[in-house]
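Participant: First the structure, which I've put down as structure tokens, then a few questions once you've had a look.
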Amino acid sequence: MDSIYYSMGWNSLFSIFITLGFIAVCWVVLQEIKWEQFFRHPKSSRARLAQLFLAIIAGRLLAGFVLDYWNWASALKNLFNSS
């Protein structure tokens with residue numbers, strides 16, 4: 001029973017790092033966009049807050065896709081070990 005909790009803990013830690021990593025990557029990518037087209041003052045705190053929210057949303061969506069794919073790929077071994 002302890003090995004289940006141990007596995008769940010590592011899985012959760014992996015998910016946290018993947019999600020934070022994708023949020024950071026999205027933040028870096030969003031810095032390359034010319035925000036002058038969308039905001040009157042692109043360096044203002046409101047514009048930076050909007051960029052942060054966009055990075056969180058996009059990073060979470062990408063991390064969700066990767067983590068779902070990882071879980072599906074690891075569950076495929078159960079298809080072949082169903083004896």
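Participant: Filter the range 1-27 for residues that are open to solvent by 70 Å² or more (accessible area, probe 1.4 Å) and of a type in the set (Val, Ile, Thr); which is nearest to GLY64 (Cα to Cα)?
Facilitator: ILE16
Participant: For ALA73, state whether it is without any contact (Cβ under 8 Å) to a residue 24 or more places away in the chain, part of a helix (DSSP H, G or I), more than 22 Å from ASN11 (Cβ to Cβ) and among the aliphatic types (A, V, I, L, M). Don't jump to the end; show me each part of the working.
Facilitator: Details: without any contact (Cβ under 8 Å) to a residue 24 or more places away in the chain: yes; part of a helix (DSSP H, G or I): yes; more than 22 Å from ASN11 (Cβ to Cβ): no; among the aliphatic types (A, V, I, L, M): yes.
Answer is no for this residue.
Participant: In this structure, does LEU30 turn out to be surrounded by 15 or more Cβ atoms within 10 Å (Cβ to Cβ) and closer than 30 Å to SER15 by Cα? Please lay out each step first, then the result.
Facilitator: Working: surrounded by 15 or more Cβ atoms within 10 Å (Cβ to Cβ): yes; closer than 30 Å to SER15 by Cα: yes.
Yes, satisfied.
Participant: In the range 49-83, what residues are of a type in the set (S, T, N, Q) and either under 13 Å from the mean Cα position of the chain (by Cα) or within 12 Å of LEU30 (Cα to Cα) (or both)?
Facilitator: Of all residues in the range 49-83, those of a type in the set (S, T, N, Q) come to 51, 71, 74, 78, 81-83.
Answer for the range 49-83, where residues must be of a type in the set (S, T, N, Q) and either under 13 Å from the mean Cα position of the chain (by Cα) or within 12 Å of LEU30 (Cα to Cα) (or both): just GLN51.
Participant: Of the residues that sit in the range 8-48 and are outside any loop (DSSP other than H, G, I, E, B) and charged (D, E, K, R), which one is nearest to the chain's Cα centre (by Cα)?
Facilitator: As a first pass, look at the range 8-48 and keep what is outside any loop (DSSP other than H, G, I, E, B): 8-30, 35-37, 45-48.
Filter once more, keeping what is charged (D, E, K, R): 36, 46, 48.
Details: GLU36: 27, ARG46: 23, ARG48: 19 Å.
Across the range 8-48, the extreme among qualifying residues is ARG48.
Participant: Cβ contacts < 9 Å: first residue of a type in the set (Val, Ile, Thr), restricted to the range 39-64; second residue part of a helix (DSSP H, G or I), any location; separation 6+ or different chain. Result?
Facilitator: ILE56/ILE23; ILE56/CYS26; ILE56/TRP27; ILE57/CYS26
The values are calculated or read from the model by the stated rules, or taken from the named source; none is laboratory data. The shown structure was predicted, so the numbers you read here are calculated from the model rather than taken from an experiment. Note: ideal-geometry Cβ built from the backbone for every residue, glycine included; neighbour counts use all protein chains shown. Accessible surface areas use protein heavy atoms only, side chains included; no ligands, DNA or RNA. Shrake-Rupley method; radii C 1.70, N 1.55, O 1.52, S 1.80 Å.
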